[in-house]
Amino acid sequence: MAFPLGKRLFLCSVLTELGAAGKVEIQAMKHDIQQIQASTFDGIIGKFRDSAVSSLWFFEEDNPADQKFLDEYNKVATEMKGMAKVTAISCTEFANFCEKQGVKETPTVMIYPPNPVPAFKIEGQLEQKPIAGKLAKFMPEKVTKLTKENADTFLSSHPSEPKLLLFSNKKSVPTMWKALSVDTVFKRTVKFGFISEDETDIVQRFKVKKFPTVIMQRGAKGETKETYKGELKFMALKDFVNPYAESGMGDKMAGPAGGKEETMEEAKPWLVQEVPELTLKSHKDVCFKGEGLCVIYLKDGEAAQADIDMLTGLSKKFTSQLSDRGAKMKWMWMN
């Protein structure tokens, strides 16, 4: 049967739309899924197995189950955007690759954790929550959980590197924080800390009143403390940190007799303490180096945060009263 030209064009248009509707199509402008080819698997997933986690959806382009799964998998890609690679490959086009990966049916989702954990297939219902949960579980991290015992060392080590601190009412480090800590640049140039609200000494020291709160400490002596005021989302936090993250490693030098590399300034907790402790190691930095009057608060035991707050208040009061006379006072405590 012959059709007029106009009708033939209309019919072709309908058939094209129907064909597209019955086929899995991952569109860059519409989806957050990264589609790969057999030849790009190693470059996108394989060579990053030592430091990253990825997921890979194997699909048949004309399989109704895969067509239905597309939107669900894209939710995972959107949730994990920037934090993990959420990828897909067509078994219609790369059947041999899918067969070598042991894929017998689609949809199939494989998780590729950091080495040495082997890749594995997700069993059960293929839904956003369990897939994202597996990616989060195997997310590598370079986060230090701060306590009263290790806080000073963490904050004073590597003075050339900013310290990003997350104060939280949760017990575990969130996926977003883990992902930031292993960013290609950040893992070499920024230190990430996690502080639970139970660590009251550190919470009071940074005067944190609500959770979660993000504070960046930077400067050779940790003198700058900036509270982040944006959204607690991965990309927003990455944009916040970027200007302070340099492309190179922190300044280092060889240790004595060509030994282990050390930072240019050894860990000196007293340099970042609000009111430093006077000890045999710290006495030059906090008192005897440079001009000024040393004000020493003698304490039988450790100085509590209430003591530090009291000394800080006195310091500000006397500094304002004596600043016009050229007098400098250095405040410290001694056990």
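Within segment 43-63, can one find any residue that is out of contact with any helix residue (DSSP H, G or I) (no Cβ under 6 Å at 6 or more places or on another chain) and among the aromatic types (Phe, Trp, Tyr)?
Within segment 43-63, one or more residues are out of contact with any helix residue (DSSP H, G or I) (no Cβ under 6 Å at 6 or more places or on another chain) and among the aromatic types (Phe, Trp, Tyr).
Please specify each residue of segment 32-78 satisfying the condition of being touching a Ser or Thr at 6+ places or on another chain (Cβ under 9 Å) and acidic (Asp, Glu).
If the condition is that a residue be touching a Ser or Thr at 6+ places or on another chain (Cβ under 9 Å) and acidic (Asp, Glu), then ASP32, GLU60, GLU61, ASP62, ASP66 are the ones that fit.
Taking ASP183 as meeting all but one of (1) buried (at least 17 other Cβ atoms within 10 Å of the Cβ); (2) within 29 Å of GLU277 (Cβ to Cβ); (3) not small (Gly, Ala, Ser), write down the number of the exception.
(2)
Evaluate segment 242-252: report whether one residue or more is farther than 25 Å from ASP201 by Cα, hydroxyl-bearing (Ser, Thr, Tyr), assigned to a helix (DSSP H, G or I) and modelled with pLDDT of 80 or more.
Within segment 242-252, one or more residues are farther than 25 Å from ASP201 by Cα, hydroxyl-bearing (Ser, Thr, Tyr), assigned to a helix (DSSP H, G or I) and modelled with pLDDT of 80 or more.
It is to be established whether one or more residues within segment 111-123 are free of Cβ contacts under 8 Å to residues at least 40 places away in the same chain, under 23 Å from PRO174 (Cβ atoms) and open to solvent by 50 Å² or more (accessible area, probe 1.4 Å).
yes
Among the residues of segment 179-199, write down those that are touching a residue at least 24 places away in the same chain (Cβ under 8 Å) and within 16 Å of ALA151 (Cβ to Cβ).
If the condition is that a residue be touching a residue at least 24 places away in the same chain (Cβ under 8 Å) and within 16 Å of ALA151 (Cβ to Cβ), then LYS191, PHE192, GLY193, PHE194, ILE195, SER196, GLU197, GLU199 are the ones that fit.
Is it the case that segment 269-278 has a residue that's modelled with pLDDT of 80 or more, surrounded by 12 or more Cβ atoms within 10 Å (Cβ to Cβ) and over 37 Å from the mean Cα position of the chain (by Cα)?
Checking segment 269-278: not a single residue is modelled with pLDDT of 80 or more, surrounded by 12 or more Cβ atoms within 10 Å (Cβ to Cβ) and over 37 Å from the mean Cα position of the chain (by Cα).
Starting from segment 124-145, take each residue that is without any contact (Cβ under 8 Å) to a residue 24 or more places away in the chain and list its partners that are part of a loop (DSSP other than H, G, I, E, B), counting only C-beta distances under 9 angstrom and pairs at least six apart or across chains.
So the pair list comes out as PRO130/ILE122; PRO130/GLY124; LYS137/VAL53; LYS137/PRO113.
Condition first: among the charged types (D, E, K, R), at pLDDT below 80 and part of a loop (DSSP other than H, G, I, E, B). Now tell me which residues in segment 287-335 satisfy that.
The answer is LYS289, GLU291, LYS328.
Is one or more of the residues making up segment 203-214 under 18 Å from VAL275 (Cα atoms) and basic (Lys, Arg)?
Yes: segment 203-214 contains one or more residues that are under 18 Å from VAL275 (Cα atoms) and basic (Lys, Arg).
With a cut-off of at least 1 residues that are modelled with pLDDT under 95 and not aromatic (Phe, Trp, Tyr), name the helices (runs of 4 or more DSSP H) lying wholly within segment 118-231.
Hits in segment 118-231: 151-156, 186-189, 200-205.
The values are calculated or read from the model by the stated rules, or taken from the named source; none is laboratory data. Predicted model only: the values in this text are computed from it and were never measured. Quick reminder, even Gly has a Cβ in these numbers, built from the backbone with ideal geometry, and neighbours come from all protein chains shown. Heavy atoms of the whole protein, side chains included, go into the accessibility calculation; ligands, DNA and RNA do not. Shrake-Rupley method; radii C 1.70, N 1.55, O 1.52, S 1.80 Å.
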